[in-house]
Amino acid sequence: MLDERVQRTEITEEDWILGPPTAPVTMLEYGDFECPHCAMARPVLEGLVAENPEMLRLVYRHFPVTTVHPHALMAAEAAEAAGAQGQFWEMHNMIFAHQSQLAYDTLRACAVAIGLDVARFDLEMEEHVHLPQVRLDFRRGVRDGVNGTPTIFINRLRYDGPRDHVSMLAAIVAARKAAHGRVRGAA
Amino acid sequence: MAKGLSPGTQAADFTLLNGKGQPVKLIDYRGKNVVLAFYPADWSPVCTSELALIQETLGEIRDYNAEVLGVSVDGHWSHGAWAERLHLTFPLLADFWPHGQVARQYGVFRDSDGMSERALFFIDAAGVIRDTWVAENLGVAPGLNVIFDALERIQGARAKETPRA
């Protein structure tokens, strides 16, 4: 049996990736925009990427837990709609910053604030154009073994430790050391 | 690793109250696969996260002819209130008195603190335990892959590649 804590899906060009493709360490996050633990993790994860630009990249996938977070799915669709206009991470940040009030009006105001074509945004939200992508992320999360939000993988191994800067940096450094000397692309 | 009843053994039958105070018997689920999910405590953060994820994927779990039964040593009043808070639609069963008796039957009672381990038992339609999972660390919930891998082994793969609207 496969190790149950190993990420099975591949990172693809379609994923939302912050950081260089050559980074030896990939951190994959499954997140929910209405989840307070995800909001707390965000500055830690993005800080790590900013401080370690050669070493680390962050991949974000949607895992909305709709029964407890009624706005999470719509927020994920909104981030994808912004992504379609080249502004996924800007929207991602705006949504987390307004986490406690994620009604459509707020999402739309976020879209306006980052300068999206709002007519297009409204239309794509109305028609749920990006829902299949969000569903795909969710299914990949099930397959990879999400066990809560956020679930984070560091070079394919699920990280269940504390989500503070020091602990995570130690895990990232350890992952880089483990990757060193291995064939590039195997990780 | 060898904690709890082993795969291949008959699942011990039990009758426990659900969150509405009604008796639920395991044997009444014959003909269905059952995910028997022991968790330490209602209202605790990791259990909240674990059961919310199970609820979120309940439709997919049922596609494997399976039902989920949550079990903890909390009383049925607590179960009822917590299920309502989390919008859980599968039963939570109260292994409250005799305290932890079902957890003991399944070998996952913790004498150290009076709770159960975080554990999953996958029981097939004939009532045989086919797979088990027991958390090494009580603070870490099972990945959803544990549940779906076990159900696939019991029931065979489902082609569920069409996204649900």
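Within the range A:154-179, work out how many residues are in a helix (DSSP H, G or I) and of a type outside the set (D, E, K, R).
Going through the range A:154-179 one residue at a time, the tally reaches 13.
Scanning for something within 14 Å of another protein chain (Cβ to nearest Cβ) and within 13 Å of the chain's Cα centre (by Cα), does the range B:97-111 turn up at least one residue?
No, the range B:97-111 contains no residue that is within 14 Å of another protein chain (Cβ to nearest Cβ) and within 13 Å of the chain's Cα centre (by Cα).
For residues in the range B:25-34 being touching a Phe, Trp or Tyr at 6+ places or on another chain (Cβ under 8 Å) and not in a helix (DSSP H, G or I), which is surrounded by the fewest Cβ atoms within 10 Å (Cβ to Cβ)?
So, considering only residues that are touching a Phe, Trp or Tyr at 6+ places or on another chain (Cβ under 8 Å) and not in a helix (DSSP H, G or I), the one surrounded by the fewest Cβ atoms within 10 Å (Cβ to Cβ) is B:LYS25.
Taking the range B:142-165 on its own, how many of its residues are modelled with pLDDT under 95 and not in a helix (DSSP H, G or I)?
10
Rundown of residues vs (1) within 14 Å of chain B (Cβ to nearest Cβ); (2) touching a strand residue (DSSP E or B) at 6+ places or on another chain (Cβ under 8 Å); (3) over 26 Å from B:VAL146 (Cβ atoms), yes/no style:
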| residue | (1), (2), (3) |
| --- | --- |
| A:LEU102 | no, no, yes |
| A:CYS110 | no, no, yes |
| A:ASP117 | no, no, yes |
| A:GLY141 | yes, yes, no |
| A:PRO150 | yes, yes, no |
| A:MET168 | no, yes, no |
| A:ALA178 | no, no, no |
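Take the residues in the range B:35-94 that are farther than 15 Å from A:ASN147 by Cα and β-branched (Val, Ile, Thr), then tell me which one is surrounded by the most Cβ atoms within 10 Å (Cβ to Cβ).
Top of the filtered list is B:VAL71.
Restricting attention to the range B:48-88, and to residues there that are hydroxyl-bearing (Ser, Thr, Tyr) and closer than 20 Å to B:PHE122 by Cβ, which single residue is farthest from the other protein chains (Cβ to nearest Cβ)?
Only one residue fits best here, namely B:SER72.
The values are calculated or read from the model by the stated rules, or taken from the named source; none is laboratory data. Bear in mind that the values here come from a model prediction, so they are computed numbers and not experimental data. All Cβ positions, glycine included, derive from the backbone under ideal geometry; neighbour counts span all protein chains shown.
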